[in-house]
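The values are calculated or read from the model by the stated rules, or taken from the named source; none is laboratory data. As the structure is a computational prediction, the values presented were derived from the model and not from experiment. Heads up, the Cβs are rebuilt from the backbone with ideal geometry, glycines too, and the neighbour counts pull from every protein chain shown. When the accessible area is computed, the model is the full protein with side chains, heavy atoms only, and any ligands, DNA or RNA have been set aside. Shrake-Rupley method; radii C 1.70, N 1.55, O 1.52, S 1.80 Å.
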Amino acid sequence: MQTVTIKPKKEIRISVEAENISPDKFAGKTEKDILSMEAWMGNHKTTLGELFSVMVEGSGPAADTKIVMDGDFSRIKRIGEGMTAGLIMIKGNVDMHLGAKMSGGKISVTGNVDSWAGREMKGGELIIEGNAAYYLGAGYRGETCGMRGGKITVLGSALDFLGEHMCGGEIIVKGNAGILPGLSNNGGKIVIEGNTSRPGSEMAKGTIIVNGTVDEMMPVFKAEGTEAVDGITYRKYTGDVIVNGKGVLYVK
Amino acid sequence: MELLIKNGAVYDPFNGIAGDKTDISIKDGKIVDKVSSSASVIDAGGRLVMSGGVDAHSHIAGAKVNVGRIMRPEDTRSGIKPRTKITRPYTGYTVPNVYAMGYRYAQMGYTTVFEAAQAIMKARHTHEELEEIPIIDKGALTLFGSNWPTMDYVREKNMDKLAAYVAWGLLASRGFGIKCVNPGGGEMWGFGKNVTGLDDVVPNFDVTPAQIIVSLMKANEMLGLPHSVHLHCNNLGKPGNYKTTLASMELAKQVKPSKDRQVLHVTHITFNCWGGTNWGDFESKADEIANYLNNSENVTTDMGQLIFGSATTMTADGPVQYANAKLLHAKWANGDVELEDASGVVPIFYARQVSIHAIMWAMGLELALLTKDPYKVLLTTDHPNGGPFVNYPEVIALLMSNKKRQEEIKTLHEAVHKRTKIPGIERELDFNDIAIMTRAGSAKVLGLLDTKGHLGVGADADISIYDIKPDQIDPSVEHAKIKSAFQSAAYTIKGGEVVVKDGQITATPMGRTFWVDATVPEEQTEIMMKDIRMKFKNYYSISLANYMVQDAYVTHPKVVKAGVIPVEVS
Amino acid sequence: MATVITDALCPFCGCVCDDLTIVTENNKIIEAKHACKLGAAKIMGHHRIKAPMMRKDKHSDFKEVSYDEAINEAAAILARSKRPLLYGWASALCEVHKKGILLAEELGAIIDNTATVCHGPSTLAVHEKGLPSSTLGQIKNRADVVVFWGSNPVQAHPRHMGRYSVFAKGFFSEKGRKGRKIIVVDVRKTETANIADEYIQVAQGSDYLVLSALRAILSGHADVVPAAVGGVSKEQLSKLVDTMKTARFGAVFFGMGLTQSKSRYKNIDNAISLITELNSFTKYVIMPMRGHYNVTGFGQVCSWETGFATAVDFARGAPYYNPGETAANDLLMRKETDAAMIIAGDAGAHFPADSVRHLAKIPVVQVDPYWNPTTEVANVVIPVAICGVEVEGTAYRMDGVSLRFRKMIEPTHPTDIEILEKITERVKEIRGE
Ligand code: SF4
Ligand SMILES: [Zn+2]
């Protein structure tokens, strides 16, 4: 078992690209190795050691590597990008692209995350106790597939376009979601406990469940009566009819 | 500047050299008889030496290419390399940025590449991009197949005016030759329709595709253009289209070549040798095309080889692109040009387990392997339609190794066994064949054999050296080595300057842009211009004064003279 | 003695009219024939900045300095920045854009253009759906149904209708206006709506819903569409679908009413899909009504040079693109930008208040012929010649047709190109390259 503890050394205003903060990169590495790993602050190439204090206990493979981050990381991007295993526990807020393209392992955040968390995620788990910004579990610009697998849970709310182009996996938002969740979906499951607007536009496949109110319904769904899911009765819709969609939208 | 390349195993088919240890002398960017003792020396050490690669059909610059980039940031983000002291950043795979375009070709040992389609009205854009592509020499073919003046003159059977229009259009676009895409179809796509065969009549213009093709071939030979008419056949993308392709080739018999070359180049056969009547009975008829080529003398082709993975289809064939977009549920860009032609761009992913893609993969290879004379089939992927040009080494390896083909076939949809002949074809091409398909043949088809595609005295000193010792390798078995050697040249020399060493860019000189200045008797041009002026006054949305590509966009021109009055090539 | 330039191009809006007659005398333009009011105003000139200026802080007054001093200071500001922004470009020629991209590479900067506050969203939609379009002449010669959606050419593109879309006569459209049905879809009754055959009023922020309803009806699913969507009755929607479907050639021109309202680029995304689907019935094209004359050109140049259309971040040496993260306002709103160069575009007038407030706090270099609100937040101001009037070069019309501007009069100031080249040289020196 390897535990890496990271704390910010100073206040950071210009975002730092720190895809090296990942169990895959830290596994088996010493404090010195990690301190000298590359990070970018704007156009300035720097090291993790310049920005953070790092403490390493034990050594192990990625699956047995735990990264504990304590402090304000709201200007640190790409944490856990592409990770395949291990654990990242963040006490604080983080910047964009948290866990983008991750395929395994788990990331938990006590604070808020900025846009594109879980972008193109393939597997593993992302737990966000605060709020998520735009494009949670979405894709990259122009790409036809966003999240393909894994699970994202947000205890707070999420902004617009969550789960855009989702092809698989699951997103649960305990609070509200912004407009157009599940846009152009082709699989996967989205559960929104709170309110949202215009869900499921252009959805070809997949499931969206809204337990709060839907502010505006897209005029592209066929009403299919009511159906009980986990003991709760929903109005059931299928669509988007424009794309001959087989998606299912449940609204309480 | 003098340079001597010693101890190369030289393959120069045009000059009848096939692997002989020959020295090559270079002075002032040209190949010469001999150089002084102060020349710098490259010891090829028995490695493979060929003239620089020549690509006669690729989509490297212009409106459609840029639309591809704009609509595909997901493509652009692949293949990214940061800038270095010598190179600007590289981006993209199927639609690379201008820098990657030049660098990657040079890294493969290619030094001359022709953009296969530009509308005259958008030629300024093509040249803006060509001006930014480093290292390689280039040029662009100009679309004439659906232009209103073309169709008017074909209907009126006025060959003088047609020739004058072609000459003027080449000047206006700084174009190198006549490209003809789905003739007549471009106009019909203006109202969302298409022609379905060579003898359909184009409404309002009262001409047929067959008439357009034949007339353009005649005009081409009247003008004595270096290249022949370059045809993208009607019905492309439709099962059963091989019949249209054969019928189009048959039209070539009506015209005599003005030079020692074909009168018709039928491009990217992978997309128009389709048998069957629908997607269910879809099959390869590449063998029929090869059979035709084996029994005729005035038609050449190129493969348009399919490469599995991501591709971006882009063509002036507007209707086929809409059909593609619908079939694939893919994003679709359309770019029709008033009075001239159509165009469309659609991304595609070719998958091994999709029967149609597996069959298409076989088509290009069948064509190349069943056609006896390699001068009749150029190696292309119709970049980026069949796949990006960086895959040429893969195609070379496939052509040189039956073993590799059989290994590939095992990974493909079973349709490749029943609907193609590829599993049973044992022929393996040699370095001489490859040198023809990628150099001498392309230069001959383009009409550039005076300076390109060979290593004889007087040729441009465009040379590639590959890390292969031809006498020590069995390409059939060591196909992986063949592929990696062709991917990254040991040396690429462009105009006498080393631009690539060990696969890395070492210098980025600007190449030249070839265009054809064809002379027509002035009176003929003047009569024709009356019609053109009328069309600008009434129909074009820009002024005639702002139409022609200005000199500012062709800063390194290489003008090839042609014309009704015979003028010697400069 | 008066000189006359015919077939001159107008450097104001995305129509890039190329039929102007310019009369000059003693290196002054005295007449711009055929130009509309907007174009003539630009060509005839206004409020030039006379000489380079600098000031210590944003509260003190500008002092005139030499070009060398201003260029040195500009280079110093940019070279020391960790997150420089190079913004503007829409009123400059493509030759300037190339130099700008080279400088951005050299600096590791973000380069973005004014599309970010107008038609940037259209590009995001093109990534999703492509763009079925054509040159404007196709519309002039063929269109019998023309829809202006959230766009108002009477105000913003005065000659668009005459030259290309409404009154223009062509080969298949000899009757001009009489042979065309003009439809305006907008939240308010615009001047263009007043001359249209049909006006459809959409409730604020409901374009996306209305577009989806049209697509549903077109695809044979009218049954799922409620009685009214976004303030438009189902009957009216069905009628619109019928009109659109039965066109011989239809064109849709959209404007900022669509790109800058609720759902933003997704509106365009949806509109593009509607056009794509209409092509199963008849011919349709769609086009953004681009504002500045060469905002399209920046997108073209940036795409062939970097692979991405705009908002390119060179921080790590290789281009990275992700609007929402790398566009000018994304960085300014987060207060990440620590120095900016605003060139051939006004940030002061068009950015959200928070962005402008941040610009007021960081060092700003302005390169522009004109005094404008950006000048108020600048530390270094470098006046230049007017592209398209005093400088020749390339611009792309809204339909992607490139045209070459000729010089109308001799410049009295250096060109943007010269300034950018000098700044780039100076930056290299500072960095010891
Ligand atoms: S419409 Fe636009 S381009 Fe034409 S004259 Fe007016 S401002 Fe200039
Ligand atoms: Zn092609």
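Here are a few things to note about the model shown:
- What the phi angles of region C:135-152 give under the Karplus curve with 6.51, -1.76 and 1.60, with θ = phi - 60°, is a coupling list of 6, 5, x, 4, 5, 4, 7, 10, 5, 10, 10, 10, 10, 9, 10, x, 10, 9 Hz, glycine and proline written as x.
- Amide N proximity, region B:23-49 versus residue B:6 label position 7 Å along Cα-to-Cβ, cut-off under 20 Å: B:23-28, B:31-49
- Exposure of residue B:510 as accessible area (Å², to 10), given a probe of 1.4 Å and all protein chains: 70
- Packing around the peptides C:425-433, A:11-19, taken as the average count of other Cβ atoms within 10 Å per residue, puts them in this order, highest first: A:11-19, C:425-433.
- Taking label points 7 Å from Cα along the Cα-to-Cβ direction, residue C:227 and residue C:198 give a separation of 2.2 nm.
- Over chain C: helical MRE at 222 nm, DSSP H runs n ≥ 4 each giving -39500 (n - 2.57), nearest 500: -10000 deg cm²/dmol
- Modelled spin labels at residue B:373 and residue B:291, positioned 7 Å past Cα toward Cβ, are 1.9 nm from each other.
- Dipole-positive endmost among C:36, C:8, C:24 within region C:2-43 (Cβ charges, Cα centre): C:36
- Cross-link reach is defined here as a Cα-Cα straight distance under 25 Å, omitting same-chain residues fewer than 8 places apart; for residue C:58 the lysines meeting it are C:50, C:82, C:335, C:361, C:422.
- Pairwise burial C:A, computed as accessible area of each alone minus the pair, summed, 1.4 Å, Å²: 3600
- Here the translational diffusion coefficient of chain C follows from Stokes-Einstein with Rh set to the Kirkwood radius across Cα pairs; for 10 °C and 1.306 mPa s it amounts to 70 µm²/s.
- Taken about its Cα centre, the protein assembly as shown carries a charge dipole of roughly 1660 debye when the Cβ of each Lys and Arg holds +1 and the Cβ of each Asp and Glu holds -1.
- P(r) for region A:96-251, from all Cα pairs and a bin width of 10 Å, is 13, 47, 32, 8, 0 %, short bins first.
- Part-to-part distance (alpha-carbon centres) for region C:404-425 and region C:1-53, which is given in Å: 17
- Number of partner chain Cβ atoms within 10 Å, mean per residue of C:213-224: 5
- Residue among C:310, C:233, C:400 farthest towards the positive dipole end of chain C, charges placed on Cβ: C:233
- Calculated on the alpha-carbon coordinates, the convex hull of region C:136-241 measures out at 100 cubic angstrom per residue.
- Inter-label distance, residue A:144 to residue B:544: 4.7 nm, where each label sits 7 Å from its Cα along the C-beta direction.
- With a 10 Å cut-off around each Cβ of B:539-551, the average count of Cβ atoms from other chains is 6.
- The protein assembly as shown: antiparallel DSSP beta bridges as a percent of all, rounded to 5: 40
- Listed by chain and number, the lysines whose C-alpha is less than 26 Å from the C-alpha of residue A:29, apart from same-chain residues fewer than 8 away, are A:7, A:9, A:10, A:45, A:66, A:77, A:91, A:101, A:106, A:122.
- Mean shadow area of the protein assembly as shown, taken as a quarter of the surface of its Cα convex hull (nm²): 47.8
- Among A:113, A:43, A:207 - extreme Cα towards positive end, dipole of the protein assembly as shown, charges at beta-carbon: A:207
- In region B:315-333, burial by the other protein chains removes 30 Å² or more of 1.4 Å probe accessible surface, compared with the chain on its own, from B:322, B:331, B:332.
- Summing charges over all other residues whose Cβ lies under 13 Å from the Cβ of residue B:30, with Lys and Arg as +1 and Asp and Glu as -1, gives -3.
- Cα-based shape type of chain B, given that a ≥ b ≥ c are square roots of the gyration tensor eigenvalues and the cut on a/c is 1.5: oblate
- Between A:136, A:98, A:51, the Gaussian network model of chain A with springs among Cα atoms under 10 angstrom shows the greatest mean-square fluctuation at A:51.
- Only the Cβ atoms of Lys and Arg (+1) and of Asp and Glu (-1) were treated as charged; on that basis the dipole of region B:52-454 about its Cα centre amounts to roughly 780 debye.
- Eigenvalues of the alpha-carbon gyration tensor of region B:388-538, scaled by 5 and square-rooted, set the equivalent ellipsoid semi-axes at 40, 25, 15 angstrom, largest first.
- Heavy-atom accessible surface of region B:52-454: percent carbon and sulfur, 1.4 Å: 52
- Radius of gyration and maximum dimension Dmax of region B:387-461, Cα, Å: 16.1, 50
- Accessible surface computed residue by residue for region B:359-426, with neighbouring protein chains in place and a 1.4 Å probe, gives 29 Å² per residue.
- Packing, taken as the mean count of other beta carbons within 10 Å per residue, orders the peptides A:227-234, C:231-238 from highest to lowest as C:231-238, A:227-234.
- Within straight-line cross-link reach of residue B:444, aspartates and glutamates at Cα separation under 17 Å, skipping those fewer than 8 residues along the same chain: B:12, B:55, B:115, B:137, B:221, B:260, B:297, B:302, B:373, B:433, B:460, B:462
- Per-residue ellipticity at 222 nm computed for chain B from its helices equals -9000 deg cm²/dmol, with DSSP H segments shorter than 4 residues left out and the rest contributing -39,500 (n - 2.57).
- Per residue, region C:300-356 exposes 20 Å² of solvent-accessible protein surface, assessed with a 1.4 angstrom probe and all protein chains in place.
- Chains C and B together bury roughly 4900 Å² of accessible area, counting both sides, with a 1.4 Å probe on protein heavy atoms only.
- Magnitude of the charge dipole, chain A, Cβ model with Lys/Arg +1 and Asp/Glu -1, debye to 20: 140
- Net charge over other residues, Cβ less than 10 angstrom from the Cβ of residue B:437 (K, R count +1; D, E count -1): 0
- Peptides ranked, highest mean first, by Cβ atoms within 10 Å: ranges C:125-134, B:275-284, C:2-11, C:260-269: C:125-134, C:260-269, C:2-11, B:275-284
- Taking every protein chain into account, the accessible area of chain A amounts to 35 square angstrom per residue (probe 1.4 Å).
- Protein accessible area in region A:96-251, 1.4 Å probe - carbon and sulfur %: 45
- Sulfur and carbon atoms: percent of accessible area, chain C [1.4 Å]: 53
- Other residues within the sphere of radius under 11 Å centred on the Cβ of residue B:263, judged by their own Cβ, net out at +3 (K and R +1, D and E -1).
- Loop-located trypsin sites (Lys or Arg not before Pro) across region B:98-184 with a Cβ neighbour count of 16 or fewer within 10 Å are B:157, with loop assigned by DSSP.
- Look at the stretch C:8-18: the mean tally of other chain Cβ atoms within 10 Å of its residues' Cβ atoms is 2.
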